[in-house]
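Here is the structure we will look at.
The values are calculated or read from the model by the stated rules, or taken from the named source; none is laboratory data. Here the structure is a predicted model, which is why all the values come from computation and not from measurement. Because the Cβ atoms are built from the backbone with ideal geometry, glycine has one as well, and the counts that use them run over all protein chains shown. Surface accessibility is based on the protein's heavy atoms, side chains included, excluding ligands, DNA and RNA. Shrake-Rupley method; radii C 1.70, N 1.55, O 1.52, S 1.80 Å.
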Amino acid sequence: MKGKAPLLLAALLAALHAILAIVYAGETPYRTAGVLLSYGHFPAPDIGAPDERQHANYIQTLLDGKGFPVFKPGGADVAEHYEDHQPPLYYLAAAGFAKLVGVSDVADPGAYKIRWLNAIFGAGTILGIFFLGLWGLGRADAALGAAAIAAALPMNCALSGAISNDPLLFMVCTWALAICGLGIRQGWNMKLAVLAGVLVGLGILTKTTAVGLLPILLLAILLPQKKRPTWGMAGAAAASLVLLTAPWLVRNASLYGDPLALKAFNSAFTQSRQKADSIAQIQAENPEGGNFEMIYWRDWVGWWTARSFFGTFGYMDIWMNETGSPYQGRTPAPNVAYRVFLAISLLLFLAWIASFFQGDWKDARAVQVLNATFLAIVVLLFIRFNLQYFQAQGRYLYPAIGPIALALSIGCFVLLKDRGKIAVAVFAVGLLLFNVFAIAKLPEEFQRRATTTSPSGELFHRASQAYDRWA
């Protein structure tokens, strides 16, 4: 494909993703109490998008002119404010967007319109994935394939239709990798170096997961490339990063005792389900014995993460399988859709690994190593998280959505060569059909979970505490 056609198609894919995100935003209840059916009619103060009301409450603090909130572990309203330790970038953007769409109170039903901002960020991520493939690999076909996969990935679409700082994080991480890929393939200059530093700084100001980009900046200097950055360029990138993040990091050190507010983060998770709790449940369910550690990582973390990577909705309560539940029950659920997409993805990942040793992809090897390294960092952070807490959510892998989508796309071209375009198109269309099925199913499923009246006062507080203990 030549000329402007690839860019035009990438823009159409970004628009498709934004449209799907807006559809999910309209189908997902906003600040609606109810029960979680997959977990035994468990009362929950919100059945919509995970942690959305807490993100919205952060935005409300800014809309009220109170400045950035301070997280207070153990406070009476901690269940409503456990996102208050987060960096500020998304919330500043969301507060400005709220004013633009006429929202002054996030408790109003019309405040769901704040979700639309993430549809824009999600579209930005799709374009970033395209340019990561185009600049980093020099392959418009693989770049478009990756953009198509990410644009149609159901869970990614749903996240882009909710109030959260995640989509902005995904976008910034993807563009940071794209700029590094451009520098490695075409040679660094001062503008690219400063832009790379700025993007990493913006990532850290969005969510602390972006610290995983710091080794990527170093690796982008060390990898074999056309023109390495000079010491001046490297210094400019570092200075840009420090100047952007220093005020916030100093604030955190003063308030919480550490620059990244990790102590506050851990305090926010004190009532979350621990790995030890899950191991104890596994032992109780398997009185005959067994390798409980292996069962935890394979059947709990692995299988739950694999399914939620493609799409589970609400508070991991609406599943696209035959039982509608994460549990097998007495009659094992075939989980056909999940198993098919997982099997195809594993095959494509193996083919992607094979591409590192093939001459067709030799020119892109340095950028491939960069992408693989960032994916490995994100996976290791995810494993570290699940060593302490049971948080088997595929969205935690999405900061590396660019490398993941490119790996799947490259796998198609490795396996089928010239017919790789057909393979990646079929895979993307399959994901699109998954969206159609999910969007058709969600209204009825959410209706089943919603209560007719919203809890308030002590009932609301007790439900919040109960959900925190479960989650």
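In terms of packing, defined here as the mean over residues of other Cβ atoms within 10 angstrom, the peptides 146-154, 168-176 line up highest first as 146-154, 168-176. Placing a pseudo-label 7 Å from each Cα along the Cα-to-Cβ vector at ALA246 and ALA76 gives an inter-label distance of 4.1 nm.
About the centre of its Cα atoms, the chain shows a dipole size close to 1520 debye [charges on the beta carbon of Lys, Arg (+1) and Asp, Glu (-1) only; nearest 20 debye]. For the chain, the relative contact order comes to 23 percent (Cα pairs under 8 Å, sequence separation of at least 6). Above 35 Å, the calculated P(r) of the chain contains 30 percent of its Cα-Cα pairs.
Each of the peptides 121-129, 408-416 was scored by the mean count of other Cβ atoms within 10 Å over its residues; in descending order, highest first, they stand as 121-129, 408-416.
From most to least packed by mean Cβ count within 10 Å, the peptides 31-39, 394-402 give 394-402, 31-39.
Sites counted here are GluC sites (Glu not before Pro) in a DSSP loop (not H, G, I, E or B) having no more than 14 other Cβ atoms within 10 Å; the longest part of the chain that contains none of them is 1-287. With a/c under 1.5 counting as rounded, go ahead and sort segment 364-448 into rounded, prolate or oblate using the C-alpha gyration tensor (a ≥ b ≥ c being the square roots of the eigenvalues; past the cut-off, prolate if a/b is larger than b/c, else oblate). In terms of gyration-tensor shape, oblate. Helices of the chain meeting both criteria, an alpha-carbon length of 27 angstrom or more along the long axis and an average Kyte-Doolittle score not below 0.5, with helices taken as full DSSP H segments, are 5-27, 116-137, 166-186, 231-256, 336-355, 365-388, 420-449.
Compute the accessible area per residue over the chain, keeping the other protein chains in place, probe 1.4 Å, unit Å².
Per-residue accessible area for the chain comes out at 42 Å².
What is the extension gain from LYS417 to LEU255, computed as 0.36 nm multiplied by their sequence separation minus the C-alpha to C-alpha distance, in nm to one decimal?
Taking LYS417 through LEU255 to full extension adds about 52.8 nm, to one decimal.
Here segment 256-302 and segment 120-180 have alpha carbon centers that stand 31 Å from each other. The share of accessible area on the chain that comes from carbon and sulfur is 66 percent, using a 1.4 angstrom probe. Label point of VAL101 set 7 angstrom out along Cα-Cβ; within segment 49-74, amide nitrogens under 15 Å from it belong to 49, 52-53, 55-57, 59-60. How much FRET efficiency would the formula 1/(1 + (r/R0)^6) give for GLN274 and VAL379, where r is the Cβ-Cβ distance and R0 is 22 Å, rounded to 0.05? With R0 = 22 Å, the Cβ-Cβ based efficiency is 0.60.
Helix-only arithmetic for the chain: the sum of -39500 (n - 2.57) across DSSP H runs with n ≥ 4, divided by the residue total, places the mean residue ellipticity at 222 nm at -20500 deg cm²/dmol.
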